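Notes for the one structure printed next.
The values are calculated or read from the model by the stated rules, or taken from the named source; none is laboratory data. Since this is a predicted model, take the numbers as computed values, not measurements. FYI the Cβ positions are ideal-geometry reconstructions off the backbone, even for glycines, and counts take in every protein chain you see.
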Amino acid sequence: MIRNDKPKFLVLQQAIRCPKPYHNFSFLPPFRLVNIILLRHSSAVMKKRVLLLFFITLSSAKVFAQTAHRFVKIKTPQGSCIVKLYNETPLHRDNFIKLVKSGYFNKTTFNRIIKNFVIQGGDPDSLYEKTHILKPEKKWIAPEFRPNLFHKRGALAMGRDDNPTESSFTTQIYLVDGKKVSNGWLDTLEKKSNIHFSAAQRLAYNTIGGTPSLDQHYTVFGEIVQGLDLIDKITALKVDKNGDPDSVVWMKLTLLNAKEAAKLEK
């Protein structure tokens, strides 16, 4: 269930201006706290205030519970976009959410920009080499390849090294730019890689493009749902032969709240 960062009982206590003696009951769930306050106070105003805030709290919790997906806003000097995280890849989704909440990616940049391929950010491969002491956040996640999740333009995926299990880096992400490909090219790739492209996937690769050669080798865990033009703006930047941009492309990632997410679900 999606939850607020602040415990519900604390929201309730602060909202109703709960007297200090009740701070000792902070470990109790909201309905117990409400029951105690109602029993100890005869004031009609206090009771009305408590009940009103209690139902507001429950309504807020219901909104969180009903939100099917989590969404993250990615802001850069070139603009911003919003990505939807897939529930089919819970390991990658939860890892990403954890790092977004901690502000980890806000200290990194998009450091590898290759037009018609990908926009890569977070920690570069070099920081995962044996010569470096890894931070606690830097790990490898088991791949979560799903036949229905693919590298269409705007897809969000995790980078990795050449490890035999094709596990992902926890702190490296990329957005897919790619290019349009023909069915003939997809036919060849199917035979070569022993994968299958559905009719819907073929249509996406034919019309909006992507990087199908990465399918079932790198984990896709989300997609851009607003601000797809950010890809064009970033790939228009001048870069060197390695894709390193001339100017710093910082990123600021924010997890959308329940109400913001609910609007995007409609």
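Observations on the model:
- Of the residues Leu149, Leu127, Leu175, the single one that is assigned by TED's automatic domain parsing to the domain that holds Leu91, assigned to a strand (DSSP E or B) and either closer than 26 Å to Lys238 by Cβ or touching a strand residue (DSSP E or B) at 6+ places or on another chain (Cβ under 9 Å) (or both) is Leu175.
- Residue in the stretch 242-258 that is among the charged types (D, E, K, R), in contact with a Phe, Trp or Tyr (Cβ under 6 Å, 6 or more places away or on another chain) and within 24 Å of Asn95 (Cα to Cα) present: no
- No other residue among Lys75, Lys84, Lys107, Lys98 is surrounded by fewer than 15 Cβ atoms within 10 Å (Cβ to Cβ) and either in contact with a strand residue (DSSP E or B) (Cβ under 8 Å, 6 or more places away or on another chain) or closer than 12 Å to Trp250 by Cα (or both) apart from Lys107.
- Of all residues in the stretch 64-97, those being assigned to a helix (DSSP H, G or I) and more than 9 Å from the chain's Cα centre (by Cα) number 5.
- Qualifying position, being of a type in the set (Ser, Thr, Tyr) and either under 21 Å from Phe105 (Cβ atoms) or at pLDDT below 95 (or both), among Thr170, Thr165: Thr170
- Yes/no for Ile74 being touching a Cys at 6+ places or on another chain (Cβ under 6 Å) and of a type outside the set (D, E, K, R): yes
- Scanning the stretch 139-177 for residues that are basic (Lys, Arg) and either over 17 Å from the mean Cα position of the chain (by Cα) or closer than 13 Å to Tyr86 by Cβ (or both) turns up Lys139, Arg146, Lys152, Arg160.
- Selection within the stretch 223-240 - assigned to a loop (DSSP other than H, G, I, E, B) and under 21 Å from the mean Cα position of the chain (by Cα): Gly227, Leu228, Asp229
- In the set Gly210, Gly222, Gly243, Gly227, only one residue is at pLDDT 95 or above and touching a Cys at 6+ places or on another chain (Cβ under 6 Å); that residue is Gly227.
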